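Every read-out reported here was derived from the displayed coordinates using simple, explicitly stated rules and does not represent laboratory data. Bear in mind that the values here come from a model prediction, so they are computed numbers and not experimental data.
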Amino acid sequence: MAKIFENLYLTLATGLVLAVIIMLLPDSGWAPALGNVNGILQWLHVFFGITWIGLLYYFNFVQIPTMPSVPAELKPAVSKFIAPEALFWFRWAALFTWVMGVILAINRGYFLQAVTLGATEGFKVPQHSFIGVGMWLATVMFINVWAFIWPAQKIALGLGVEADADAKAAATRKAMLFSRTNTLLSIPMLATMTMNQTIFG
């Protein structure tokens, strides 16, 4: 058992197998959950979303505030090893969260209504306007990750990009400001995503 927990990928694979087993369990005469495409899309959307927002909060609640107090000789451990790895999971989780969300909205048949914030139906379905706000906030956050945060972090951390100290400092500040923007936007975004079904059923 310890071997499973010592290897991240083996842990994830085991968790996936358990999830599939649970989805296959018989239930009161209706099809197993594994046959529910929307359910699987929702599960993946939430899984990637937790990974994305969890890392966003790690950067903003832990790494950014702590870095000034980290001794100079220890900073490279963060900037050369921890931050690049965290940014890998962060940016790809953002992409997969957004993609799963779009596919889910299309599959459920409300993508156009949500994207137009309910305008295509005369604003008569508040649920579509509500979730649409969340979708737009998440889209801005997704764009911020790939168009601003990740390019700035590549400069700041010297990940394949040569830059002097001033350029790195400017890139660090830019990445921080867009990351803080995403932290701010995540609060109303999560409100719309988590409250939508509860409010509207």
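How large is the Rg to Rh ratio of the chain when both quantities use alpha carbon positions and Rh follows Kirkwood?
On the Cα set of the chain, Rg over Rh gives 1.04.
Using the Cα atoms as the points, what is the convex hull volume per residue of region 1-114 in Å³?
Hull volume normalised by residue count: 146 Å³.
Taking amide hydrogens as modeled 1.01 Å from N in the peptide plane, which residues meet the under 5 Å criterion relative to VAL161, leaving out close sequence neighbours?
Residues meeting the amide H criterion: none.
Select from THR66, THR172, THR11 the residue whose mean-square fluctuation is largest in a Gaussian network model of the chain (Cα-Cα springs shorter than 10 Å).
For the chain, modelled as a Gaussian network with Cα springs under 10 Å, the answer is THR11.
What is the angle, in °, between the Cα long axis of helix 8-24 and the longest principal axis of the Cα atoms in the chain? Nearest 10 is fine, range 0 to 90.
Helix 8-24 sits roughly 10 degrees off the main axis of the chain.
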